[in-house]
There are 2 protein chains.
Amino acid sequence: MKKSAFPLAKVYGLLEPGPVVLVSTAHKGKTNIMTMSWHTMMEFEPPLVGCVISGRNASFDMLRKSRECVINIPTQELAKQVVGIGNCSGREIDKFARFGLTPVTASQVRAPLIGECYASLECRVADTRLVNRYNFFILEVVQAWADTAIKHPQTLHHRGKGVFSVAGETVKLRSRMK
Amino acid sequence: MKKSAFPLAKVYGLLEPGPVVLVSTAHKGKTNIMTMSWHTMMEFEPPLVGCVISGRNASFDMLRKSRECVINIPTQELAKQVVGIGNCSGREIDKFARFGLTPVTASQVRAPLIGECYASLECRVADTRLVNRYNFFILEVVQAWADTAIKHPQTLHHRGKGVFSVAGETVKLRSRMK
């Protein structure tokens, strides 16, 4: 994917539709990737994203210690990798190697972007006060990248147990909503 | 819609794909509806939902005071109502009347279900500690309803400014993920 710098003010439009995402992390020379669907926008600009990362995931410790990650948005071409990444643990394997994904150096965080995803959001942990109770992290997006040639990204929306809806038809209505 | 009681353990599968929802509230004999996209699942069972409701919305006060609401999930037939509801204020009008929607008595909360939505989740406020800082409410779903005849609901996913993706094709992969 040919990603270029993407305005922070427009980041909400990438996550608000609710796509499954791949979260990449790096810590002490190791990288990891996890599949995540439990996220929400919390502020337009600077963009804040709230997300649940279970303590059972190796990524939980990577994120807590490094305080950085990248939220990568895949399209349906990557469905098998999305499910495969969700079904194994980074404690045992190198997920970039196993799933043939390309780590790309980020500009502001040590976690790598995933080259094959159409958008990538470099994030820093902004608030951890709900981590103990709910595993809920609040992240600030500090740099965004997207392939803007993709006008209607066929994102994946997880309905549970490996069943996804693919983003289909576009409906456009006059609105004063942001 | 012919909704019947829906298992709480399966609620996550309704919200995890990220559909735009209509939140109904009731307080002191008045009802209101707002359009919302900033929500995430936070726990499987009992189902917890985190959501941002701006203090500019009349629904913010309704929810804070009544501590109850219903999260209703519309499909694309209701796209015009979804946008219309997002573009006006319940301080001035009765949104059920204006948009021709049917208030249906809930079983456990005073807020009404919206008859025309294929699923409705009765909620109570469970945690308000991030309300002051982020307008972020954590809700517990106490009773769920869904029309299970609708196998592939054509939900709406907001990409900003009145542009939605409609849930399209279904992809099913073998997975051990919940």
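The values are calculated or read from the model by the stated rules, or taken from the named source; none is laboratory data. Given the structure is predicted, the values throughout are model-derived calculations rather than measurements. Positions of Cβ are backbone-derived with ideal geometry, glycine not excepted, and every protein chain shown enters the neighbour counts.
Couple of notes before you dig in:
- Residue within region A:116-123 that is of a type in the set (A, V, I, L, M, F, W, C), in a loop (DSSP other than H, G, I, E, B) and within 14 Å of chain B (Cβ to nearest Cβ) present: no
- For region A:9-27, the criterion of being surrounded by fewer than 17 Cβ atoms within 10 Å (Cβ to Cβ) and of a type in the set (A, V, I, L, M, F, W, C) is met by at least one residue.
- Test result for B:LEU156, facing another protein chain (nearest Cβ under 8 Å), closer than 30 Å to B:LYS65 by Cα and part of a strand (DSSP E or B): yes
- Contact annotation: residue pairs with Cβ atoms under 8 Å, 6 or more positions apart or on different chains, pairing a residue in region A:70-86 that is more than 11 Å from chain B (Cβ to nearest Cβ) with a partner that is assigned to a helix (DSSP H, G or I), are A:ILE71/A:LEU15; A:ILE73/A:LEU14; A:ILE73/A:LEU15; A:PRO74/A:GLN81; A:PRO74/A:VAL82.
- The lone exception for B:LYS95 - which of (1) of a type in the set (D, E, K, R); (2) within 12 Å of chain A (Cβ to nearest Cβ); (3) in contact (Cβ under 8 Å) with a residue 60 or more places away in the chain it fails: (2)
- For region A:1-58, the set of residues classified as small (Gly, Ala, Ser), in contact with a Gly (Cβ under 7 Å, 6 or more places away or on another chain) and within 12 Å of chain B (Cβ to nearest Cβ) consists of A:GLY13, A:GLY18, A:GLY50, listed by residue number.
- On the stretch given as region A:124-153, residues that are out of contact with any helix residue (DSSP H, G or I) (no Cβ under 8 Å at 6 or more places or on another chain), polar (S, T, N, Q) and either over 20 Å from A:MET41 (Cβ atoms) or within 12 Å of chain B (Cβ to nearest Cβ) (or both) total 1.
- Count of region A:159-170 residues, restricted to those that are over 14 Å from B:HIS152 (Cβ atoms) and surrounded by 17 or more Cβ atoms within 10 Å (Cβ to Cβ), is 1.
- Region B:1-102 holds helices (runs of 4 or more DSSP H) entirely within its bounds, and those carrying 2 or more residues that are at pLDDT 95 or above, out of contact with any Cys (no Cβ under 6 Å at 6 or more places or on another chain) and over 22 Å from B:VAL125 (Cα atoms) map to B:79-86, B:95-98.
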